[in-house]
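A short worksheet on the structure shown next.
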Amino acid sequence: MGGYTHSHHPLSRAIRSGLTLAALLAATAGWATTYRWVDGKGVVHYGDSIPPQYAGQGHAELSPQGRIINRVEPAPTSAQARQLRQQAEARKATEEREALERQRRDSALLATFSSVRDIERAKARELAQEQAMLESLQVMRVNSRSQANTDYIDQQIILHRKALEEIQSKYEADKARYLELTSGR
């Protein structure tokens, strides 16, 4: 019978613990993160660390299986940083303008109306005026004698119907904002 012969000498405890430590170190070496980066010439490189000259140029961290687990974007150039700063400043200026405009509208709303009832009355007046104009246009359409005049009146009717909807939504928004500002007083 062929085969390997085994020595039946037990390994010393020190050798066994040394082998266990070596196996553990070999296993953890496989878990180390691998980095992928591209140099200035477009050549792709892999390694367990990124050289300092490529640190800010972006890279990918790979799993032991070679899949990307994290992507680090390149640091912005000074032109890109300046552009980002300008965009942030423009966004802040826009937000400040919008806040001032909202404050102006809120002040005007509170100065114009002293109650929700006042808002409802103003809405009813404006809707009544628009409705009267719409009825007038419908009478004019019935009495129109030319197609061109009828077409023009039809366009005006469409505009005034839209105006009715806009008045309705404007005053509803004003009422909701008034209630927010006055906490329902």
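No value in this document is a laboratory result; all are computed from the given coordinates. These numbers were taken from a predicted model, which means no experiment stands behind them. Here Cβ is always computed from backbone atoms with ideal geometry, including for glycine, and neighbour counts include all displayed protein chains.
Brief remarks on what is shown
- Euclidean distance between Cα centres, the range 160-180 to the range 68-129, Å: 19 Å
- For residue 110 and residue 94, the difference between the fully extended length at 0.36 nm per residue and the C-alpha to C-alpha distance is 3.3 nm.
- Here's the thing: no lysines lie within a cross-link span of residue 92, going by alpha-carbon distance under 23 Å and ignoring same-chain residues fewer than 8 apart.
- Sorted largest first, extent of the range 146-185 alpha carbons per principal axis (Å): 55, 9, 7
- R0 of 25 Å, Cβ-Cβ distance residue 32-residue 72: FRET efficiency to nearest 0.05: 0.90
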